[in-house]
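Inspection log for the structure reproduced underneath, given as structure tokens.
The values are calculated or read from the model by the stated rules, or taken from the named source; none is laboratory data. Owing to the predicted nature of the structure, the values given are computational and were not obtained by experimental measurement. Glycine also receives a Cβ, built like all others from the backbone with ideal geometry; neighbour counts cover every protein chain displayed.
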Ligand code: ARG
């Protein structure tokens, strides 16, 4: 029984006619600790009992068994419950210290597989800030799901197929310089791509050439395949560098090209169900019943499309992983695409389409400016990360000039700052990125959380890394209580984040815990002699452990010193 269930049971014992579920749903957590840890408003009983809420509260409170609480207090129409601080505190601290890495985890997922489509950049283009969002949000969701007992499968659905590669090859045929590509592959290819897109407005034949090349690629032409492999290899090399910096790994890199030979089955299945309709030479699936535009499955020249490959990918993933849920962490601008994908799967009779969830996120702007790839004004993620590391390095030099592994820490702080900035915001919000705001050591930033934890570690070092085994940890300072309560809510926060696919709940949780801990540290001289010194140090240890765990869930490192 958790503490909430205990309170519900105590209330119900005093008022046996009340349903446990009803009490559970009415019980509140007051914002202000003055009003207790839980509160029962009695308004909802007024009608049924024909009494004023104040009177109900006054009559009911004395009937509740008080022995499980520090206090049960009537405040107007509310009954406020104050938990036994010492007992709850010891319970929370013991649970954390007994197994810090495990604290907050659960078996909610029962080992079920969840595929997570994340990052999925397009080859022959630099990875931009947009893909950063998918990468870090997807990775954090995978970490969070693992923590509650699911088995995440991280899939990088590389954009390595499609008509744009036809265009790129057409451009390479006209302007390509092998040496230039070898020297700086992605930027050079990107230049060709931007140029052909710009010039195609006045040279429509460039578009035809692009289509021709893509057809060659789809039918396995040797030169087209050679170029494609080369572009892909160079792109992956660059992507891997960024993934290494971010600390993200994938279980699969099966991108769009992987499904090229799985397209026929999809077309066959659609035909068997009589779903394909001809429209100006192309094949479409009518989705008017879903209030959606028709899904274009095959172009008039026979080329398949993004959605055709996604249909094949969905089926492949179901067969391969038997997923319980299948997530697509992709920008909100593709909402329509995923609605169409689910609708077509439904028409095909795949009722597991309900397990598919598009997990959208908002656009990221840079210093208030929108970013776009097609026109070439893209910000390169690698540059952003490197700038952030540089700035972190400067701040460390000012704050802690003697730090031994300053470069390593700067890496952790700089990269962590970028990740944290992305994740502290509700994912569907549009966010702006300003480096100076992101890498600050104060305010709602990753470095702020990392710094709070490093401070906790420094206290523990000064105390000689105490061993808490067998110590009395029933800490009951009023100052410690908000920290203990926040620590106690870690597990339920993770569960909510898992259910809502929302890492920002963990980001906000970590910020609050860091803030509460800093307040505690400002008010209590932890290292001074005091009967509860050991319990206070245990609190510091617990905060350090939980902050580290929360940062880890987000994919952010936690340096011991900074
Ligand atoms: N490559 C696509 C893009 O950059 C994202 C792919 C998302 N995943 C998917 N299965 N459609 O827009």
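Could you list, in sequence order, the residues of region 122-148 that are at pLDDT 95 or above and near the ligand (Cβ under 9 Å from one of its atoms)?
The one that is at pLDDT 95 or above and near the ligand (Cβ under 9 Å from one of its atoms): 134.
In region 259-281, how many residues are surrounded by 12 or more Cβ atoms within 10 Å (Cβ to Cβ), out of contact with any strand residue (DSSP E or B) (no Cβ under 6 Å at 6 or more places or on another chain) and free of Cβ contacts under 8 Å to residues at least 24 places away in the same chain?
Residues in region 259-281 being surrounded by 12 or more Cβ atoms within 10 Å (Cβ to Cβ), out of contact with any strand residue (DSSP E or B) (no Cβ under 6 Å at 6 or more places or on another chain) and free of Cβ contacts under 8 Å to residues at least 24 places away in the same chain: 1 in total.
Return the only residue of 87, 151, 113 being at pLDDT below 95, away from the ligand (no atom under 13 Å from the Cβ) and surrounded by fewer than 19 Cβ atoms within 10 Å (Cβ to Cβ).
87
Restricting to region 59-84, count the residues that are in contact (Cβ under 8 Å) with a residue 60 or more places away in the chain and surrounded by fewer than 17 Cβ atoms within 10 Å (Cβ to Cβ).
Number of matching residues: 1.
Of all residues in region 20-37, which are under 30 Å from the mean Cα position of the chain (by Cα) and in contact (Cβ under 8 Å) with a residue 40 or more places away in the chain?
Of everything in region 20-37, those that are under 30 Å from the mean Cα position of the chain (by Cα) and in contact (Cβ under 8 Å) with a residue 40 or more places away in the chain turn out to be 30, 37.
Considering only region 509-534, state which residues are surrounded by fewer than 19 Cβ atoms within 10 Å (Cβ to Cβ) and either in contact with a strand residue (DSSP E or B) (Cβ under 9 Å, 6 or more places away or on another chain) or assigned to a helix (DSSP H, G or I) (or both).
Once the filter is applied, which keeps residues that are surrounded by fewer than 19 Cβ atoms within 10 Å (Cβ to Cβ) and either in contact with a strand residue (DSSP E or B) (Cβ under 9 Å, 6 or more places away or on another chain) or assigned to a helix (DSSP H, G or I) (or both), region 509-534 yields 512, 515, 518, 519, 521, 522, 523, 533, 534.
Across region 216-265, what is the number of residues that are over 19 Å from residue 123 (Cα atoms), away from the ligand (no atom under 16 Å from the Cβ) and assigned to a helix (DSSP H, G or I)?
4
Are any residues in region 38-48 free of Cβ contacts under 8 Å to residues at least 40 places away in the same chain and surrounded by 13 or more Cβ atoms within 10 Å (Cβ to Cβ), and if so, which ones?
Matches in region 38-48: 41, 42, 43, 44, 45, 46.
Please go through region 154-170 and pick out each residue that is in a helix (DSSP H, G or I) and away from the ligand (no atom under 11 Å from the Cβ).
163, 165, 166, 167, 168, 169, 170
Report yes if some residue within region 462-477 is in a helix (DSSP H, G or I) and at pLDDT 90 or above; otherwise report no.
yes
Just one of the numbered conditions (1) more than 25 Å from residue 475 (Cβ to Cβ); (2) over 26 Å from the mean Cα position of the chain (by Cα); (3) modelled with pLDDT under 95 is not true of residue 75; which one?
Result: residue 75 passes all but (3).
With (1) in a helix (DSSP H, G or I); (2) within 16 Å of the ligand (Cβ to nearest atom) as the list, and residue 97 as the residue in question, which single condition is left unmet?
Unmet for residue 97, out of (1) in a helix (DSSP H, G or I); (2) within 16 Å of the ligand (Cβ to nearest atom): (2).
Taking into account only those residues within region 325-346 that are away from the ligand (no atom under 12 Å from the Cβ) and touching a strand residue (DSSP E or B) at 6+ places or on another chain (Cβ under 6 Å), which is farthest from residue 215 (Cα to Cα)?
Per the criteria, the residue is 325.
Please tell me if residue 358 is modelled with pLDDT of 95 or more, surrounded by 13 or more Cβ atoms within 10 Å (Cβ to Cβ) and touching a strand residue (DSSP E or B) at 6+ places or on another chain (Cβ under 6 Å).
Here the answer is yes, as residue 358 does meet what is asked.
Quick one: residue 314 ticks every box in (1) at pLDDT 95 or above; (2) more than 12 Å from the ligand (Cβ to nearest atom); (3) closer than 19 Å to residue 141 by Cβ bar one, so which box is it?
(2)
Which ones in region 182-204 are under 35 Å from the mean Cα position of the chain (by Cα) and in a helix (DSSP H, G or I)?
185, 186, 187, 188, 189, 190, 191, 192, 193, 194, 197
Would you please list the contacts, defined by Cβ atoms under 6 Å and residues six or more apart or on different chains, that run from a residue in region 116-136 that is in a strand (DSSP E or B) to a residue that is near the ligand (Cβ under 9 Å from one of its atoms)?
That search, which allows pairs on different chains as well, returns 117/155; 117/157; 117/328; 122/159.
With (1) more than 30 Å from residue 155 (Cα to Cα); (2) under 34 Å from the mean Cα position of the chain (by Cα); (3) not in a helix (DSSP H, G or I) as the list, and residue 104 as the residue in question, which single condition is left unmet?
Residue 104 satisfies all of (1) more than 30 Å from residue 155 (Cα to Cα); (2) under 34 Å from the mean Cα position of the chain (by Cα); (3) not in a helix (DSSP H, G or I) except (1).
Would you confirm, using the coordinates I've provided, whether residue 310 is in contact with a strand residue (DSSP E or B) (Cβ under 6 Å, 6 or more places away or on another chain) and either buried (at least 16 other Cβ atoms within 10 Å of the Cβ) or touching a residue at least 12 places away in the same chain (Cβ under 8 Å) (or both)?
So residue 310 fails the test.
Determine whether residue 268 is out of contact with any helix residue (DSSP H, G or I) (no Cβ under 6 Å at 6 or more places or on another chain), assigned to a strand (DSSP E or B) and either farther than 20 Å from residue 162 by Cβ or away from the ligand (no atom under 16 Å from the Cβ) (or both).
In short, no.
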